[in-house]
Amino acid sequence: MFKLYLDPGHGGSDTGTVGNGLQEKNLTLDIALRIRNLLVNNYPDIKVMMSRTSDVARSLEERTDEANAWGADYYLSIHINGYNGSVNGYEDFIHNSLSNASETAEYRDIIHEEVMKVNNLFDRGRKKANFHVLRETKMPALLTENGFIDNDSDAAKLKDPNWLQKVAQGHVNGLVKVFDLKSNPQQDIHRVIVDGVQVGSYAENQNVLEEVRRHLKTAKTIVVEKV
Ligand SMILES: [Zn+2]
């Protein structure tokens, strides 16, 4: 069981950086929720704990204390950058005490590559910093800065839900590679045959049951057959 602590930056009264009608706290939550959904819907052996799932303020200490107490295997913090409008691109950070040969750096290299494959942003590189969430976490930790909110070109991407989904998928692709996550096995397909006529075939159990319910009153025979 892989335990991911997923940390959307900022929240509540702390908006993070702002620009082009956007607030960092909303974008970090949007991307993080997409990452969580992709992971929990497609990978069975994973637990995701989030520092927040709504627009609330949480201190940095609360976030790292929670991840440490839970015994997370990995800490992933999602952020959006801001500067003076003329700077753009993606960058990520590990703690500045770590060498490039460390496990944390190795993990970061893989996630960096997977995120860069899909985000269509300028690559500002792999960086190190003495940020609280990187320093106070007992597990490997990464902080990603996904574009500049006050840069017109990056902001246009940040306003596009399809782009946000791609960025989430990029993070997931990196995590899948680093932690060798196995996706759900292919679901069985069931045919529903009513009075000798196939009325549908479905991968979702719920859809099979609904089809049966639709015909239950009028049918003489209903056969559910695994393909
Ligand atoms: Zn931030």
What order do you get for R108, R124 when you list them from fewest to most C-beta neighbours inside 10 Å? R124, R108
Enumerate by residue number the trypsin sites (Lys or Arg not before Pro) in the stretch 145-184 meeting two conditions: DSSP loop (anything except H, G, I, E, B), and at most 15 other Cβ atoms within 10 Å of the site's Cβ. K159, K182
Taking the number of other C-beta atoms within 10 Å as the exposure measure, put L121, L38, L142 in order starting with the fewest. L38, L121, L142
Under 14 Å between alpha carbons, and skipping anything fewer than 8 positions from K226 in its own chain: which aspartates and glutamates qualify? D188, E204
Compute, for the stretch 2-179, the length of the dipole vector about the Cα centre, with Cβ point charges of +1 (Lys, Arg) and -1 (Asp, Glu) only. Units Debye, rounded to 20. 240
Residue-averaged [θ]222 nm for the chain, counting only DSSP H segments that reach four residues, each worth -39500 (n - 2.57): -12000 deg cm²/dmol
Between the stretch 5-82 and the stretch 141-180, the alpha-carbon center distance in angstrom: 13
Taking the beta-carbon count within 10 Å as an exposure proxy, list M139, M1 from fewest neighbours to most. M1, M139
Projected area averaged over orientations for the stretch 1-62, convex hull of C-alpha atoms, nm²: 4.6
Jot down the radius of gyration and Dmax of the chain, Cα atoms only, both in angstrom. 21.8, 72
Roughly what % of DSSP beta bridges within the stretch 2-179 run antiparallel, to the nearest 5? 25
What are the lysines whose alpha-carbon lies under 26 Å from the alpha-carbon of K138, with same-chain residues fewer than 8 places away excluded? K3, K25, K47, K127, K128, K177, K182
Taking 0.36 nm per residue of separation between N205 and E66 and subtracting their Cα-Cα distance, the length gained on full extension comes to 46.4 nm
Compute the long axis of helix 161-179 from its Cα atoms, compare it with the longest principal axis of the Cα atoms of the chain, and write down the angle in degrees, 0 to 90, nearest 10. 90
Which shape class applies to the stretch 141-227: rounded if a/c is under 1.5, otherwise prolate when a/b exceeds b/c and oblate if not, where a ≥ b ≥ c are the square roots of the Cα gyration tensor eigenvalues? prolate
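Since every read-out is calculated from the coordinates, none of them should be taken as a lab result. Note that the structure is a prediction, hence the values are computed from the model and not measured. Cβ: placed from backbone, ideal geometry, glycine included. Neighbour counts: every protein chain shown.
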